[in-house]
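Read the figures in this text as sums done on the coordinates, not as results from a lab. Just so we're clear, the structure is a prediction, and the values are computed from it rather than from any experiment. Positions of Cβ are generated from backbone atoms using ideal geometry, with glycine treated the same way; all protein chains shown enter the neighbour counts.
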Amino acid sequence: MDNIYLLMIVALAILAIADLVVGVSNDAVNFLNSAIGSKAISFRTIMIVASIGIAVGAVFSSGMMEVARKGIFNPGEFMFSEIMIIFMAVMITDILLLDFFNSVGMPTSTTVSIVFELLGAAVAMALIKIGADSGSFSDLVIYINTSKATQIIFGILLSVFVAFSIGAIVQWVSRILLSYDFENKAAWVSAIFGGLAITAISYFILMKGIKGTPYAKLSFDIIGGLTIKDFLETKVTSIIAVSSFFWSLFSYALIVFFKTNIYKIIILIGTFALALAFAGNDLVNFIGVPIAAWQSYEAWVASGVAANEFSMEVLASKVPTPNALLLAAGMIMVLTLWFSSKAKRVVKTSIDLSKQGDTKERFNPNFISRFLVRSATKASLLLDKVTPKPINDFIEKQFEQKTVLTATINDEDKPAFDLVRASVNLMVAGILISIATSYKLPLSTTYVTFMVAMGTSLADRAWGSESAVYRVAGVLNVIGGWFGTAIVAFTAAGVIAFLLNISELMIGVLLLGVVVVGVKNYLNGKKSSDLSDDETLSFDESSSLQGVIFESSKNISKVMKRGEKVYSNAIEGLSKQDLDQLKKNKKQIDKLSRDVDELRDNLFYFIKNLDESSLNASNFYINLLGYLQDITQSLEYINKTSYKHINNNHSKLKLTQIRELIEVNSSISELFMEVNDLYKNKSFNKIKSVIKKKDGIYNLVQDKILAQVARTRSEEKSPKNTTLYFGILQETKDLLNAVMNLLSDYNESHDSSVEPAKLDR
């Protein structure tokens, strides 16, 4: 019986490693988005600096471990056997929850998840104890550290408003002072900005970080015999004043004598600082619970008392965390940072929402985002009216961008925002997170960094009329996910704690579930990655008609390949009455339709790329997009009507009808694959031979229509079957026409003697 707890400790250690991996994959956005988004320094340099920051910050996180031990519940009210169930439930829930968010590429809060998991599991176990003792629901306050829990939750929620507001204010002031032409400002202006930024980062990150280490208690004569901790707390004004002066002079020397871009230095230091703050603040989220479990186990073994009788009052006392464990955890975090593919998805979401200019918008607008944008626009117009014109003119001049609109959105090297905004993001986020860490408040790193980035984006006018509703909707979706995290974390941890309390066998079952889900998500992610290049449509960046023909052939090939699968699956699903297959097929059609729509959205940039002598390429490209849209609409109709028919439990198609549809499907599939190979290999000389096959397939479909007409007049008894059958065949004709029109346009426009022109990069 006692061995079960040793096995639980081993399991928790393994879960801690897994939690570090999934946690860092999600939280990487917190310290990477500004540096990556600004393209200030190379990706390799960013990763090296962030890795060093994480390794150093891990040592500063010891004090935060107290949150996992006694911050949420009163440990003295629980026995050892109960506390182990709480800790096990928390870790299982955390891994499953974070892995889900990583898979969908959404940033969530590891702090919120761990806090609400601890709260949910503790509440569940407390209710079990209260029920066993026939107690009252009001006794719950005895078990839960309500004051500390309320303080933590309030701090987390407050961080959303504070981070957004301060980020917006600081960015607006910075832009007013520096403008978008910041690189041509006087050296002293950039030096002062650099001095203030580096002062803020160094004081609140490095200096405050010392407070969490044993060095904080050392005293020195040079600082009046005070300890480092007391000196930092009592001499704030003096430290800031001296540091600002020193760093401003240092920045000025770098700018004038070494021709250094001070903003890149700020981003380097800020990335290091934010990574340090992340490790110092969030390491508890991943290893705090397992360490608390290990310390509980040690105390229980030494006591010799039964597991269900040994009170966990020992957790109420402060126990230092071995530095070796902290460093080991830091190394795992660093390795995850370098090798995690899911981290890129989460980072991309944050960068896209804060990008200066147009991008592929991921989120759909909703009535809340429309209302907020409309209200903000009216407020802005009202403010402009009451502000004196000279002031308005000055502000507008400071916000005037010097760069010309780039006629492409398919440029991975283009920065999402400039160095000033990246510097402000890192400076403000680092300050806020470090303040929270110094006061041992688990402020959400994700909330702070994300909302700071959104606040600076708003102040920087990145959310223009073309993108505002989409960006605001994206922010609302992310915030909604955060609230969902809290609810799901609380509920799931409570349920798992209840299940673990029922039987020890549930430990093995739930751990097996974690492994299965993890492996499945890994394989699905790998599969998705393997297929991305083969199936994803790319934006055309040619500047001539022949270049468009050459470039767009890749997209046509991919559409044909995906279209063939969709059509075949629809016919097969209908024939087998397989509702699940048709449902999965709908997702494939929707994805294909969205991809084609994205190509249409890129039409503006495509036209901007064209040479004046090649404007006829625009007409060709517009027609091409129209044919692709016709293809997707036909496929969508065929699958939708088939799904509706089966879902409504209408009568099955007759065997004769199924055979005829399979025959048609065979011809259509053969055509699609032939067209796919033609465009894939750019064998445009074969187009004529493919077009000649139109009449044969068209007549085949027409024969099936006439056959159904004859059956309808003589033997058919189901009007639903007739409607469905005619609909599929008629839409197949439209599908065939779209493909043939596409081929005809290519055949008429292609000239092999002309070299395709492409954009100069």
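Structure above, values below:
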quantity	calculated
Gyration tensor (Cα) of the range 87-189, equivalent ellipsoid semi-axes in angstrom	46, 18, 8
Simple label model, 7 Å out from Cα along Cβ direction - E598 to S134, nm	6.4
Per-residue ³J(HN,Hα) for the range 468-481, Karplus 6.51 cos²θ - 1.76 cosθ + 1.60, θ = phi - 60°, Hz, x for Gly and Pro	4, 5, 6, 5, 4, 4, x, 4, 5, 5, 5, 4, x, x
Rg/Rh ratio calculated on Cα atoms of the range 535-749 (Kirkwood radius)	1.02
Cross-link table K185/K355; K348/K583; K185/K378; K235/K264; K520/K586; K414/K520, entries beyond 26 Å C-alpha to C-alpha	K348/K583; K185/K378; K235/K264; K414/K520
In Å, descending, principal axis extents of the Cα set of the range 95-138	45, 15, 11
Gyration tensor (alpha-carbon) shape descriptor, the range 129-206, a/c threshold 1.5	prolate
Global form of the range 260-339, assessed from the alpha-carbon gyration tensor, a/c cut-off 1.5	prolate
